[in-house]
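Accompanying notes for the structure given below.
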Amino acid sequence: PEHIRNAIILPRWVRINTLVASVDQVIKKLLAMGFVLDAESHPSKLKGKVFQRDQHIPEMLLLPSNIDLHDNPLLLNGSIIIQDKASCFPAYVLNAPRKSVCIDACAAPGNKTSHLSAVMGNTGKIFAFDMDKRRLGILSKMTKRAACKNIEPVLGDFLSVDPADQRYKEVEYILLDPSCSGSGIVGRMDHLIDQDPTSEENETDAAASEARVLALADFQSKAILHAFTFPKVKKVVYSTCSKHREENEDVVHKVLEAQSDFVLAENAFPQWTRRGLPLFDGSSKVIRTEPKEDNCIGFFVALFERKATTIDVTP
Ligand code: SAM
């Protein structure tokens, strides 16, 4: 069929899990297994037992799209995690410091949670919410394999979490990767395995699909505004694997208008040049990816931060 012939084939991205092995250790092991560094080929043209290093994120490697890693010892011992490059942006730009307290609001199956855990050097704490029990079970298994020790999985609806609850009073960083249409996912059928069951991937009816996108956008804005209500939260990163403006720029624009405590961070991932569609003032502060050009899934990231509190000058 047409959509299969036109499918974009992405390289196989892997993230080095620095909680188990360093970048150098993994590269040495790959070389010992007979892999060769190919710094020359275009990412979409990698062939054979070769790998490349990513130019943006130091712990990302790319391999040929058809490489079989399922029984690779580095995968089995948690040294590497199969994860698209773009899906590593949220934890990377959130950059929660060691010993901080974080929430991953829609966390399962937990790829971004384990990445955030690595960014924090396995210190501090991450409350990882998901309301799907089966998927939260996968998160527990995956984050254990990744050697994460700072994650507490919590079964529940993030929107119902009480920001005044004492357990969350020290939360300063929130990663929010809510259900989305999944319209940015291309290139690999196996992405579907990991995909949110509520995705519209096979939606054919255009009107139903549009209504669904708007319903998702409504949930997405509510979730961001809820994240802003945690008393000590400083930064919230919002992401989707959707290409629709309705779930991306429009959601960001709407929440910026709806409140005045949080703004877009000025300097989120400045070395990434593909920015938001010019749909509102400041849209260049958000990040987009384009599968054909960036060799990763279509993705969107916005980093919000609390405005510096104005100094009270009343005598
Ligand atoms: N961040 C995950 C990762 O990188 O592995 C992928 C998250 S997936 C896009 C969205 C998840 O949000 C699904 O697992 C879904 O069950 C969960 N979800 C949807 N609505 C939710 C809610 N109100 N509260 C908590 N989790 C929710």
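For a protection proxy built on the mean count of beta-carbon atoms within 10 angstrom, sort 117-127, 272-282, 213-223 highest first, please.
On the way: 117-127: 20.5, 272-282: 13.3, 213-223: 18.5.
Packing order, densest peptide first, comes out as 117-127, 213-223, 272-282.
Evaluated with a Cβ-only charge set (Lys, Arg +1; Asp, Glu -1), the chain carries a dipole of roughly 1220 debye about its Cα centre, given to the nearest 20. Dimensions of the chain along the principal axes, based on C-alpha atoms and rounded to the nearest Å, stand at 70, 46, 38, largest first.
Using a simple charge model, +1 on the beta-carbon of Lys and Arg, -1 on the beta-carbon of Asp and Glu, nothing else, what dipole does the stretch 70-175 show about its Cα centre, in debye to the nearest 20?
Computed about the Cα centre, the dipole is about 340 debye.
Contact order for the chain, expressed relative to its length and based on alpha carbon pairs under 8 Å spaced 6+ residues apart, stands at 17 percent. The sum of -39500 (n - 2.57) across all DSSP H runs of n ≥ 4, divided by the residue count of the chain, sets its helix-only mean residue ellipticity at 222 nm to -7500 deg cm²/dmol. For the pair Arg306 and Lys144, label points projected 7 Å from Cα toward Cβ lie 3.6 nm apart.
For the stretch 51-63, the Karplus equation 6.51 cos²θ - 1.76 cosθ + 1.60, evaluated at θ = phi - 60°, returns couplings of 8, 10, 9, 7, 7, 9, 10, x, 8, 9, 10, 10, 10 Hz by residue, with Gly and Pro reported as x. For Met60, the shell of other residues with beta-carbons less than 10 Å away shows a net charge of 0, using +1 for Lys and Arg and -1 for Asp and Glu. Summing +1 for each Lys or Arg and -1 for each Asp or Glu, what net charge is found among the other residues whose Cβ lies under 13 Å from the Cβ of Leu30? Neighbourhood net charge equals +3. In the chain, taking the dipole from charged Cβ atoms about the Cα centre, the farthest positive-side position among Val263, Asn150, Val171 is held by Asn150. Think of the stretch 1-92 as a dipole: +1 on every Lys or Arg Cβ, -1 on every Asp or Glu Cβ, centred on the Cα centre; then among Ser22, Gln52, Ala91, Gln52 lies furthest on the positive end.
Values quoted throughout were computed directly from the atomic coordinates according to the rules given, and no laboratory measurement underlies them. Quick caveat, the model's predicted, so the values are computed rather than measured. Heads up, the Cβs are rebuilt from the backbone with ideal geometry, glycines too, and the neighbour counts pull from every protein chain shown.
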